[in-house]
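Trainee: Questions regarding the structure given below will be posed in turn.
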Amino acid sequence: ERCAPERGRQRQREAAAAERPAAPRGPGSAWSVSDILTEDDEQDRVPLQQLQRLGESEELRGLLRNPHLWQLLLTIDEAEEKSSLMKKYMQEPLFVEFADCCLRIVEPPEKENILPE
């Protein structure tokens, strides 16, 4: 079964997360990347400089003014089963637009090598 390796990886992540002490959650509570990422997730890490560009994007700010998108994001943040909820929300055009916008900001498409004429 093709999904079996992914389930094994998910179990490893859950086990690693269970070994770490729970980060305090609440207004003003501090957390670090190590609270949520395991060594296997390192390839998914986005450098801080690129993340800061998210806050500078007018396009992203415009999307975040939508109360429906806010509700989707809050629901994901508060959910126990985030991965299954994310799969569901990836069918929502507004959420896909938000995700695509974020990806364009942190991973801008490479410019094609154009030979000078």
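Trainee: Take Lys88 and decide whether it is open to solvent by 50 Å² or more (accessible area, probe 1.4 Å), at pLDDT 90 or above and of a type outside the set (Phe, Trp, Tyr).
Mentor: yes
Trainee: Within the bounds of the range 67-85, is there any residue that is part of a loop (DSSP other than H, G, I, E, B), closer than 19 Å to Leu103 by Cβ and not acidic (Asp, Glu)?
Mentor: no
The values are calculated or read from the model by the stated rules, or taken from the named source; none is laboratory data. Because the structure is predicted, anything quoted here is derived from the model rather than measured. Note that we place each Cβ from the backbone using ideal geometry, even for glycine, and neighbour counts take in every protein chain shown. Remember, those area values only see protein heavy atoms, side chains included, never the ligands or the DNA or RNA. Shrake-Rupley method; radii C 1.70, N 1.55, O 1.52, S 1.80 Å.
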